[in-house]
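For reference, the structure discussed in these notes is given below.
The values are calculated or read from the model by the stated rules, or taken from the named source; none is laboratory data. Quick caveat: nothing in here was measured; it's all calculated off a predicted structure. Positions of Cβ are generated from backbone atoms using ideal geometry, with glycine treated the same way; all protein chains shown enter the neighbour counts. Calculation scope for accessible area: heavy atoms of the full protein, side chains included, ligands and nucleic acids excluded. Shrake-Rupley method; radii C 1.70, N 1.55, O 1.52, S 1.80 Å.
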Amino acid sequence: MASVVGWDIGGAHLKAARAEDGRIVEAVQVASPLRLGLEALQQAFAQAKPSMGKADRHICTMTGELADTFASRAEGVEQLAAAAVRALAPQRIVLYAGRAGFIAPQAAGLHVAEVASANWHATAALVAKLRGTALLIDMGSTTTDIVPVVAGAITARGYTDAERLTCGELVYTGLVRSFVMAVADRAPVAGSWTPLVHENFANMADVHRLLETLPEGADQMPTADGRAKTPAASRARLARMVGRDADDGRDWTALARWFAEAQIRAILDAAMLVLSRGELPGEAPIVAAGIGGTVSGEVARRLGRICVGFESLLDVAPHARASASHCAPAAALALLGCGE
């Protein structure tokens, strides 16, 4: 039995997925805020490893090199590669370097540009292999990837974060961690446009909690004020964004809808920019991955395209269907590794 574990080392979470003979049998996400240092990552590995077990090969990708724990992205790539080796040795470990393929962890410093934030490439490579032609939208806790694949090939214009930000293929908005003040600069309250308070009083987890569009277990970070993850507490945090208290008698769910709409528009704008290149035929579907599948589904509806869940493309154990999509790059790595 061939077994491969894919690991996706993010700035806030560690994600892992295990494949056995081309089937995803388990996937997990563990909080690991790198702003607290590499110790958080080592603890996350220790928490996830029992679920993943030993494997013929472990394949790692990352986005965490951008964390301000590191002085540079190059330092981040090298330190995260070394951390993965420490956590997983003596088992066989390789890094995913996107367009450069699989490399030894010791070569990370020679392939910084290829290794840094290449997790999107793994997901897109699998979608290209399994679906052929589609627009991948992978919405996570912090960012949204929008990647076209045509006739079995990735046709993205950008590769690095900087390149992808300029062409609509990377949108820095996510279902959980994005600050509300980064999603909109004003909101309609009591019949007037109210500028937002430029403080991190609330995040998009509060918005989606009130709208009941937050998947179970998706919000693994502390709240902005350190208080509870309840609708009442989320109402208080959102009210503070417009200089009010939750007992002011306003419809705070309506305010949440405004912020959710602003987020959808940002992703829709980026998707329309990518589609304006004319590479994808009108019948090409949206493949929705990540915890923001509901948002991606709404984007697909507005674009007049069908929406296909990433998990529906996979051979995956029933209990792991949702988590495989939530951990799409890790699942993609595990399956790509099985196919070698």
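With every protein chain present, what is the per residue accessible area of the range 165-267 (1.4 Å probe, Å²)?
Per-residue accessible area for the range 165-267 comes out at 48 Å².
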Next item on the list: Enumerate the amide H contacts of GLY309 below 5 Å, restricted to partners 5 or more residues apart or on another chain; note that Pro and chain-start residues carry no placed amide H.
Entry: ALA288
Next item on the list: Return the Rg/Rh value of the range 190-308, two decimal places, where both radii are evaluated on C-alpha atoms and Rh is the Kirkwood radius.
Entry: 1.04
Notebook entry, point to check: What ³J(HN,Hα) values, in whole Hz, does the Karplus curve 6.51 cos²θ - 1.76 cosθ + 1.60 give for the range 95-103 when θ = phi - 60°, with x put for Gly and Pro?
Noted result: 9, 8, 10, x, 5, 9, x, 8, 9
Notebook entry, point to check: Considering only the chain, what is the antiparallel percent among its DSSP beta bridges, to the nearest 5?
Noted result: 65
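Enter the per residue convex hull volume of the range 89-244, computed from alpha-carbon coordinates, in Å³ rounded to the nearest integer.
Numbers: hull volume 27.3 nm³, N = 156.
Convex hull volume per residue, Cα atoms: 175 Å³.
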Next item on the list: Once you have the Cα-Cα distance between HIS319 and ALA89, take 0.36 nm times their residue separation minus that, and quote the gain in nm to one decimal.
Entry: 79.9 nm
Notebook entry, point to check: Along the positive direction of the dipole of the range 194-340 (beta-carbon charges: Lys, Arg +1; Asp, Glu -1; about the Cα centre), which of ILE286, MET272, ALA218 reaches farthest?
Noted result: MET272
Next item on the list: Among VAL147, VAL242, VAL180, determine the one that fluctuates most according to a GNM of the chain built with springs between C-alpha atoms less than 10 Å apart.
Entry: VAL242
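How large, in Å, is the chain by the Kirkwood hydrodynamic radius built from its alpha-carbon pairs? Please list the in-between numbers first.
On the way: mean 1/r = 0.0493 Å⁻¹.
Every distinct Cα pair counted, the radius reaches 20.3 Å.
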Checklist line | Leading residue at positive end of dipole, the chain (Cβ point charges), from SER192, ALA331, ALA118 | finding: ALA331
Next item on the list: May I ask for the net charge around ALA116, where only other residues with Cβ less than 14 Å from the Cβ of ALA116 are counted and Lys, Arg are +1 while Asp, Glu are -1?
Entry: -4
Next item on the list: Among ILE306, ILE93, ILE59, determine the one that fluctuates most according to a GNM of the chain built with springs between C-alpha atoms less than 10 Å apart.
Entry: ILE306
Notebook entry, point to check: What is the distance in Å between the Cα centres of the range 96-123 and the range 56-86?
Noted result: 10
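Is it possible to state the helix-based mean residue ellipticity at 222 nm for the chain, with each DSSP H run of 4+ residues giving -39500 (n - 2.57), the sum divided by total residues, to the nearest 500 deg cm²/dmol? What is it?
Numbers: 12 runs with 128 residues, N = 340.
Computed ellipticity for the chain at 222 nm equals -11500 deg cm²/dmol.
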Next item on the list: Please state, rounded to one decimal and in Å, the Kirkwood hydrodynamic radius that the range 1-158 gives when every pair of distinct Cα atoms enters the mean of 1/r.
Entry: 15.8
Notebook entry, point to check: What percentage of the solvent-accessible surface of the chain, computed with a 1.4 Å probe over protein heavy atoms, is contributed by carbon and sulfur atoms?
Noted result: 50
Next item on the list: Kindly write out, for the range 34-47 in residue order, the coupling ³J(HN,Hα) from the Karplus curve 6.51 cos²θ - 1.76 cosθ + 1.60 (θ = phi - 60°), rounded to whole Hz, with x marking Gly and Pro.
Entry: 5, 4, 8, x, 5, 4, 4, 5, 4, 5, 5, 4, 4, 6
Notebook entry, point to check: For the chain, modelled as a GNM with alpha-carbon contacts under 10 angstrom, which of ARG244, ARG86, ARG277 fluctuates the most?
Noted result: ARG277
